[in-house]
Amino acid sequence: MDIAAYMAEVGQQARQAASAIARSSTATRNQALLATAEALDDARAELVEANRRDLENGRSNGLEPAMLDRLELTPARIDAMIEGLRQVAGLADPIGAITDMAYRPSGIQVGKMRVPLGVIGIIYESRPNVTVEAASLCLKSGNATILRGGSEAIHSNQAIAACLIAGLKQAGLPETSVQVIRTTDRAAVGELITMPEFVDVIVPRGGKGLIERISRDARVPVIKHLDGVCHVYIDAHADPEKALKVAVNAKTQRYGTCNTMETLLVDREIAGDILPLLAGTFREHDVELRGCDASRSIVPDMVAATEDDWYEEYLGPILAVRVVDGLDGAIDHINRYSSQHTDSIITENYTRARRFITEVDSSSVMVNASTRFADGFEYGLGAEIGISTDKIHARGPVGLEGLTSQKYVVFGDGHIRT
């Protein structure tokens, strides 16, 4: 296959389809989503068979158990894909909404209208259910999309693509509104991220290495976050019971997510009282603690932390622990080492909470809540296509609105500028 020619054709088709999708009604796009849900339900046997081939290949190629787990399409995961499509169909459509309409002294009215971004390229690894999640959000928000999944899921993704095409056809939308790349050649990624004439934005979902490569090489704007070095700071004015509950949940509710706490900060004033309680609870969860000198003087069996630990996204049962000098020390540490994803303070002091949310420069900043809430569904977005730690366009969980832009609209009645 001539990869450059193939990707150029995909890009041209996506650009043409984007115009049709942008013009389509909410009802038509919802029809496509619901028809895709039905197609998935009818194609369960085909999905399982395609997934079996991917799993067999994965085992033969030595894929790690965690990767095989993410790759597998269980009946429950197929159910979740179907339910996800129905939920997205039920979300409010942001396209065409006009806000901030106001009269100017000249007599004209000026406002802003929500519009699709155009063509969205999404690059992801392993999990075939991302194919449905990403396609549904792009379709609902009036965008065409090009999906490039991992080579380990090629058969599963193509089986899902057939269902997406069936749903689009039933709704009378172009089949090329959603295209799943058919080749496993990595050169396809290089082409996709360097086609600004066809692609308006790239969303990478995967490991840090993948996202770094795309951010470095792309000639198309990228919505991304590299890693999730999330912090919980227990202030001297914290409720100890609340602090224990939130900190343990932030770390142990699920280890392998980008919104899991990786560093725990404790005010020196209360460290002697609360650190032993925290350490005991984390031991029950088999979490390895890596502490600073002050932490280890209180809990001697902690592993000595190195400078690298403050930057580390463990994605596993390891936690860095540091004693800091009050709120100033916590804010300084977070703004130095945080990946600007999600950081939380536990305190009963309103003034300190306000300072924390004002001065910590992250995409989500929380008070008395677990970092695990940094999620599009939990934020009321219905679903998310990913998390952005960028500061331009979209920041934090990216839902339907994050897949749109705004343009100014002006209404007059024969007005001229003098």
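The values are calculated or read from the model by the stated rules, or taken from the named source; none is laboratory data. Being a predicted model, the structure only gives us computed values, none of them experimental. No Cβ is skipped: glycine too gets one built from the backbone with ideal geometry, and neighbour counts run over all protein chains shown. What goes into the accessible areas is simple: the full protein's heavy atoms, side chains included, and nothing from ligands, DNA or RNA. Shrake-Rupley method; radii C 1.70, N 1.55, O 1.52, S 1.80 Å.
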| query | On the accessible surface of segment 1-100, probed at 1.4 Å, how many percent belong to carbon and sulfur atoms? | reply | 50
| said: Can you compute the charge dipole magnitude of segment 293-418 about its Cα centre, using +1 on each Lys and Arg Cβ and -1 on each Asp and Glu Cβ, nothing else charged? Give it in debye, rounded to the nearest 20. | reply: 580
| said: Of the candidates Ala135, Ala383, Ala39, which one comes out as most mobile in a Gaussian network treatment of the chain with C-alpha springs shorter than 10 Å? | reply: Ala39
| What is the gain in length, in nm to one decimal, between Thr358 and Thr194 on full extension, counting 0.36 nm per residue of separation less the C-alpha to C-alpha distance? | 55.3 nm
| When the Cα centres of segment 347-418 and segment 218-242 are compared, how far apart do they sit, in Å? | 14
| field | Segment Glu269-His393, extension gain: residue separation times 0.36 nm, minus the distance between their alpha carbons | value | 40.6 nm
| Taking one equal scatterer on every alpha-carbon of the chain, how large is log10 of I(q)/I(0) by Debye at q = 0.08, 0.10 1/Å? | -0.51, -0.77
| remark: Excluding ligands, DNA and RNA, the carbon-plus-sulfur percentage of the accessible area of segment 242-394 with a 1.4 Å probe reads 48
| query | With each label point set 7 Å from Cα along the Cα-Cβ vector, what nm distance links Val48 and His415? | reply | 6.3
| query | Applying 1/(1 + (r/R0)^6) with R0 = 30 Å to the Cβ-Cβ distance of Glu56 and Tyr311, what FRET efficiency is obtained, to the nearest 0.05? | reply | 0.20
| query | Over all distinct Cα pairs, what is the inverse of the mean 1/r for segment 287-328, reported as the Kirkwood hydrodynamic radius in Å? | reply | 10.7
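What does the charge count near Ala22 come to, summing +1 for each Lys or Arg and -1 for each Asp or Glu among other residues with Cβ under 13 Å from its Cβ?
The answer is +4.
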| For the residue pair Thr183 and Asp217, what label-to-label distance in nm results when each label sits 7 Å from Cα along the Cα-to-beta-carbon direction? | 1.3
| Residues of the chain: accessible area per residue with a 1.4 Å probe, Å² | 45
| Estimated distance in nm for a label pair at Lys112 and Glu38, the labels positioned 7 Å out from Cα along Cα-to-Cβ | 3.9
